[in-house]
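Taking it in order: structure first as structure tokens, then the write-up.
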Amino acid sequence: MKKSAPQHAAEIIQQRIRSGKYPVGKPLLGQRLLAEELGVGRPAIREAISALEGLGLLQVEPGRGVFVRDPKAVRSARWRFAAQYSLENVYTVRASLESLSVLLATQRATLAEVKMLERLTDKLAAAVKSADLLAMSAADREFHRKLAEMSGNPLLLEMLDAFDVVITECRNLAFQDASTKHRTAPVLEHLQIIKAIKSGDANVASRNMKTHILHAQARAGLGG
């Protein structure tokens, strides 16, 4: 699948941060120059910066510019949807909707769908191993969206899709913690969800998802 312009830009910027081409503490190029250099529009650059800020790789300082952060530093406290929803609001809704999606998905899951969930979890594990934050976020999103698709409830899927940007930002905060324990935890939690789905135990699968979301909330620094 062809990557969007924001994805393309974000991946290049992340690679340059990881290689040291964009040093920690230094300002990023201006949006116009970055857009010209990467061959994308300025809206794509803005989206890429927002995604990388959510993952703790960049820090936007109004009036000063965009700076490269040390990914091992204290997590960024900025939550860009604060004027609309608290993080607690988002995690509460996620726990309810996503535990329901797994409950429904377990009741109708096919072997092919379970194997797809396993492949997506393998993708997440590979991203964690390579410390690729963008790939971690993407693989985690694919896993959760696949479960919503498997639920067979189009309204549930539409509700989650409607808030995809908010949920992704929320997800990214949980990946900011650079510790191996915190980054591998979602992989193990996904495997527990898959195990329950394979056994056909919808209630256990639903509980495992709720636990997973609550643990993600804790990893985002909110307790739980």
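The values are calculated or read from the model by the stated rules, or taken from the named source; none is laboratory data. Computed from a predicted model, the values in this text were never measured in an experiment. Virtual Cβ from ideal backbone geometry, glycine too; neighbours counted across all protein chains shown.
A search for C-beta distances below 7 Å between a residue of the stretch 185-206 that is modelled with pLDDT of 95 or more and any residue that is not in a helix (DSSP H, G or I), counting only pairs 6+ apart in sequence or on different chains, returns Ile197/Ala109. I need the full set of residues from the stretch 1-33 which are under 24 Å from Ala127 (Cβ atoms), surrounded by 16 or more Cβ atoms within 10 Å (Cβ to Cβ) and among the aliphatic types (A, V, I, L, M), in order please. Listed by number, the residues that qualify are Ala5, Ala9, Ala10, Ile12, Ile13, Ile17, Leu28. If Gln107 passes every condition in (1) touching a Pro at 6+ places or on another chain (Cβ under 8 Å); (2) more than 20 Å from Ala139 (Cα to Cα); (3) outside the structural domain of Gln15 (by TED's automatic domain parsing) but one, which one does it miss? Tallying (1) touching a Pro at 6+ places or on another chain (Cβ under 8 Å); (2) more than 20 Å from Ala139 (Cα to Cα); (3) outside the structural domain of Gln15 (by TED's automatic domain parsing), Gln107 fails exactly one: (1). Just one residue in the set Val74, Val60 is farther than 23 Å from Val166 by Cβ, surrounded by fewer than 19 Cβ atoms within 10 Å (Cβ to Cβ) and modelled with pLDDT under 90; that residue is Val74. Inspect all residues belonging to the stretch 60-72 and state whether any of them is more than 20 Å from Val128 (Cα to Cα), aliphatic (A, V, I, L, M) and either free of Cβ contacts under 8 Å to residues at least 24 places away in the same chain or assigned to a helix (DSSP H, G or I) (or both). Yes: the stretch 60-72 contains one or more residues that are more than 20 Å from Val128 (Cα to Cα), aliphatic (A, V, I, L, M) and either free of Cβ contacts under 8 Å to residues at least 24 places away in the same chain or assigned to a helix (DSSP H, G or I) (or both). Count of the stretch 190-224 residues, restricted to those that are surrounded by 18 or more Cβ atoms within 10 Å (Cβ to Cβ), aliphatic (A, V, I, L, M) and in contact with an Asp or Glu (Cβ under 8 Å, 6 or more places away or on another chain), is 3. Annotation: Val40 fulfils all but one of (1) in the same structural domain as Leu160 (by TED's automatic domain parsing); (2) over 22 Å from Gln217 (Cα atoms); (3) surrounded by 17 or more Cβ atoms within 10 Å (Cβ to Cβ); (4) among the β-branched types (Val, Ile, Thr); the unmet one is (1). Of all residues in the stretch 81-107, those satisfying the criterion of being closer than 16 Å to Met209 by Cβ and among the charged types (D, E, K, R) are Arg94, Glu98.
Taken over the stretch 113-171, the criterion of being under 24 Å from Val93 (Cβ atoms) and among the basic types (Lys, Arg) is satisfied by Arg141, Arg145, Lys146, Arg171.
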